[in-house]
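The structure appears below as structure tokens.
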Amino acid sequence: MIKTLLATTFLAASICCAQAQTSDIDALPASVIFVASSGMWEQTAKMPEGATAPQTNSSEPTRGYYKVVAVRQGDGTAKIYLQQLAYTANGPSLVETVELEEFTQMKAYVTDIRPESSSGASDVPGLFVTVHLKTNPTQKEADAWTVLIDELGDMKIEKASN
């Protein structure tokens, strides 16, 4: 009897945990077609106005990484967004989302988004991803475009040269 009760309790707990774990992915819109996390950024903490020396906790730099997200539109083209996420004690926290208008203006059909490296987080600030796209859905080969953010945070979007 006790074994049955324990087994039932563990089964119910595992089902609840599985449902909680899938709720995050279920919240992701079906229109999201590509996501690439890459690069890193670091920002020195700002001192409160009037302070002469940084406080212990606030002097820690804020760090994080970037995500590039392609979202398919009703006409098949995609909008591409750049997200900046911060590392926090409670996990990643969204700092900012910006639409990359250059791709929207092209009416791009995105076929892939790839980071510069798949070896994990970089220790050098910046971002380099390649967006593969077609401007005509019947185009045989996709064009490659790069999204580059340098160590100062300046962004450049340009057609890949190679």
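We did not get these values from a lab; they are worked out from the coordinates using the rules stated. Here the structure is a predicted model, which means the values were calculated and not measured. In this analysis, Cβ positions are derived from the backbone assuming ideal geometry, glycine residues included, and neighbour counts consider all displayed protein chains.
The table below lists the values:
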| item | result |
| --- | --- |
| Sites THR135 and TYR87 - FRET efficiency at Förster radius 41 Å, r taken between beta-carbons, to 0.05 | 0.65 |
| Karplus-derived 3J(HN,Hα), 6.51/-1.76/1.60, for each residue of segment 103-108, Hz, glycine and proline x | 6, 4, 5, 6, 6, 7 |
| Under 5 Å, built H, 5+ apart or other chain: amide partners of LEU100 | ILE80, TYR81, LEU82 |
| Given charges at beta-carbon only (K, R positive; D, E negative), |dipole| of segment 64-162 in Debye | 420 debye |
| Per-residue HN-Hα couplings for segment 152-159 [Karplus 6.51, -1.76, 1.60; θ = phi - 60°; Hz; x = Gly/Pro] | 8, x, 7, 9, 9, 10, 8, 5 |
| Karplus-derived 3J(HN,Hα), 6.51/-1.76/1.60, for each residue of segment 76-85, Hz, glycine and proline x | x, 6, 10, 9, 10, 10, 10, 10, 10, 10 |
